[in-house]
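Peer 1: Mind having a look at this structure? Questions to follow.
The values are calculated or read from the model by the stated rules, or taken from the named source; none is laboratory data. What you see is a predicted model; the values in this text were computed from it and never measured. Here the Cβ positions follow ideal geometry from the backbone for every residue, glycine too, while neighbour counts run over all protein chains shown. Remember, those area values only see protein heavy atoms, side chains included, never the ligands or the DNA or RNA. Shrake-Rupley method; radii C 1.70, N 1.55, O 1.52, S 1.80 Å.
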Amino acid sequence: MTKLALHWKILIAMLLGVVWALMSGKFGLNEFTLDWINPFGTIFINCLKFIAVPLVMFSIISGVAGLGDISSLGRMGFKTLGMYLITTVFSVTVGLLLVNVLAPGKAGDTNTRNERRLSYEIWAFDNQVEIKDGKNLLATADSSLINKVRTGMAADLEKDEYQKAMEKKADVDANKKQSPLQPLVDMVPQNLVLSLSDGKLMLQVIFFSLFFGITLALIKTERTNRIKDFFEGMNDVFIQMVHIVMKAAPFFVFCLMAGVLAGAADSFEELIDVFIRLGFYSLVVFGGLMAMLFLFYPLLLRLFGVKISYSEFFRGLSPAQFLAFSTSSSAATLPVTIDCVNNNLKVSDKVTDFVLPIGATVNMDGTSLYQAVAVIFLAQYHDVDLSLYQQLGIVATATLASIGAAAVPSAGLIMLMIVLESVGLNPLWIAIVLPVDRILDMCRTVINVTSDATVSAIIAKSEKL
Ligand code: ASP
């Protein structure tokens, strides 16, 4: 019997996980699933996470130090960031086009639409936000309606969703920085040990590793050669750890899917219900993501002359994609992405060790597309017309927000608040899209990872590596 390829095993395990979650919901086994199966999913994510940080450090250091010629690093860095920016801006634009043409938010009868609009105007009035589209219902609405809408505003959003949105808002507020240069400041670690201990500080780890690698490349003595060997050896060990963990990936992915779904399953009918309510919006996000995945990236590869067939590309990358789907985290998937791009897409580790860790942190096409769709959907839902100028602003903020989003589950949702605020909309509206966020997060993470892999294949081609 021929051996089944890993990506098929993972796919089957995912489906079994879904079936298990459905059955356990039906037969009252949710508690068992959460107590005895879910922990293995957590163990799996933990393994990937503890491998990811040292792997990023060792792979960048050994990659940069091994380049020999530092000027090629500058060239590669420039190309990498340029490509990342182009793909992100493109994907925001796709999102904007789709959501404007399909208008998933423009549903409901005139009365409910007016009430939603009024709730926006009341919020804008309370928060002294200028209304830019020239409409003003508040001026003519009668006071009983205004009171009704005002009292209904918080109740509209289900209580715990509202609560969750408030917590997320507190997160964002706590992170608000004074200087526009703060992101730059945040990139430079004050304490390496702290940066290594917090997955959200990956950019600091990258900064340190680049600095260290470049310095190591500049000193060419026997002693530093030994250090280079050490880092290369460590890199090999961590890569091997990924291989070992991936051997058991199907089992872990089953646990992960069963656990995630069983956790949401006491409201499974409710979940289907909100999905129907938010279905059109979700479909627009999903459609945009699929267009990026199956059309844009293969086309981009072709355009840059990367010789790889459609099926080779997807088959080679699928373990990373399935993992991105089941973990919703590009950072946790990173070790496997590096492995797939190295071994299956045959991209030199000189490129992957540099391009992929940076990509996992800053390049998030899926996230930026989703943010663009979500903001316009929410505006349409509240009958707010955004001007072309404001929509161009969304391209810029969604791009920056996706760069700033950490590569962990739900990071894009938190950054969505910033994009909403930037165009004068209520950040707490994220509560409306919150119920379908996890499933969309799973999908957009697949795109984030695919984009990183595509760019690294293009850079490798242009560097002849
Ligand atoms: N979960 C995504 C990632 O890790 C980020 C997001 O969009 O929430 O790539």
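Peer 1: Out of the residues in the stretch 370-426 that are open to solvent by 30 Å² or more (accessible area, probe 1.4 Å) and of a type in the set (S, T, N, Q), which is farthest from Q128 (Cα to Cα)?
Peer 2: If we take residues in the stretch 370-426 being open to solvent by 30 Å² or more (accessible area, probe 1.4 Å) and of a type in the set (S, T, N, Q), then S410 is farthest from Q128 (Cα to Cα).
Peer 1: Given the condition under 23 Å from F304 (Cβ atoms) and surrounded by 22 or more Cβ atoms within 10 Å (Cβ to Cβ), answer yes or no: does some residue in the stretch 99-121 qualify?
Peer 2: no
Peer 1: Still on this structure, please answer the following. Between K177, K132, which is modelled with pLDDT of 80 or more and either in contact with a His (Cβ under 9 Å, 6 or more places away or on another chain) or not in a helix (DSSP H, G or I) (or both)?
Peer 2: So the residue among K177, K132 that is modelled with pLDDT of 80 or more and either in contact with a His (Cβ under 9 Å, 6 or more places away or on another chain) or not in a helix (DSSP H, G or I) (or both) is K132.
Peer 1: Within the stretch 3-11, is there a residue that is modelled with pLDDT under 85, exposed (fewer than 13 other Cβ atoms within 10 Å of the Cβ), at positive phi and not basic (K, R)?
Peer 2: Checked the stretch 3-11: no residue is modelled with pLDDT under 85, exposed (fewer than 13 other Cβ atoms within 10 Å of the Cβ), at positive phi and not basic (K, R).
Peer 1: Quick one: would you say V449 is among the hydrophobic types (A, V, I, L, M, F, W, C) and in a helix (DSSP H, G or I)?
Peer 2: Yes, satisfied.
Peer 1: Which of the residues spanning the stretch 442-460 are within 12 Å of the ligand (Cβ to nearest atom) and surrounded by 24 or more Cβ atoms within 10 Å (Cβ to Cβ)?
Peer 2: Selection gives R444, T445, V446, I447, N448, V449, T450, S451, D452.
Peer 1: To continue, here is another question. Only one of these is modelled with pLDDT of 85 or more and either of a type in the set (D, E, K, R) or within 23 Å of K350 (Cα to Cα) (or both): D186, D171, D156, D229. Name it.
Peer 2: Among D186, D171, D156, D229, only D229 is modelled with pLDDT of 85 or more and either of a type in the set (D, E, K, R) or within 23 Å of K350 (Cα to Cα) (or both).
Peer 1: Hey, another quick one. Given the conditions (1) surrounded by fewer than 24 Cβ atoms within 10 Å (Cβ to Cβ); (2) more than 30 Å from I418 (Cβ to Cβ), which single one is not true for V362?
Peer 2: Result: V362 fails condition (2) only.
Peer 1: Okay, next question. Quick check on this structure: which one of I430, I439 is under 21 Å from D383 (Cα atoms) and either more than 10 Å from the ligand (Cβ to nearest atom) or open to solvent by 10 Å² or more (accessible area, probe 1.4 Å) (or both)?
Peer 2: So the residue among I430, I439 that is under 21 Å from D383 (Cα atoms) and either more than 10 Å from the ligand (Cβ to nearest atom) or open to solvent by 10 Å² or more (accessible area, probe 1.4 Å) (or both) is I430.
Peer 1: Show me the helices (runs of 4 or more DSSP H) entirely contained within the stretch 313-415 in which 1 or more residues are within 10 Å of the ligand (Cβ to nearest atom), more than 30 Å from G66 (Cα to Cα) and not acidic (D, E).
Peer 2: Of the helices (runs of 4 or more DSSP H) lying wholly inside the stretch 313-415, those with at least 1 residues that are within 10 Å of the ligand (Cβ to nearest atom), more than 30 Å from G66 (Cα to Cα) and not acidic (D, E) span 365-381, 388-404.
Peer 1: Identify all residues within the stretch 287-312 that are within 14 Å of the ligand (Cβ to nearest atom) and more than 22 Å from I459 (Cβ to Cβ); write none if there are none.
Peer 2: G288, L289
Peer 1: For the stretch 77-97, give me the residue count where each residue is open to solvent by 20 Å² or more (accessible area, probe 1.4 Å), closer than 27 Å to K350 by Cβ and not aliphatic (A, V, I, L, M).
Peer 2: Residues meeting the conditions: 4.
Peer 1: Further question: Looking at the stretch 279-312 only, could you name the residues that are part of a helix (DSSP H, G or I) and in contact with a Lys or Arg (Cβ under 7 Å, 6 or more places away or on another chain)?
Peer 2: Residue satisfying the conditions is L289 alone.
Peer 1: Of all residues in the stretch 135-153, how many are in a helix (DSSP H, G or I) and at pLDDT 75 or above?
Peer 2: The qualifying residues number 8.
Peer 1: Is there a residue in the stretch 50-69 that is at pLDDT 90 or above, among the polar types (S, T, N, Q) and under 30 Å from S462 (Cα atoms)?
Peer 2: Checked against the condition, which is being at pLDDT 90 or above, among the polar types (S, T, N, Q) and under 30 Å from S462 (Cα atoms), the stretch 50-69 yields no hits at all.
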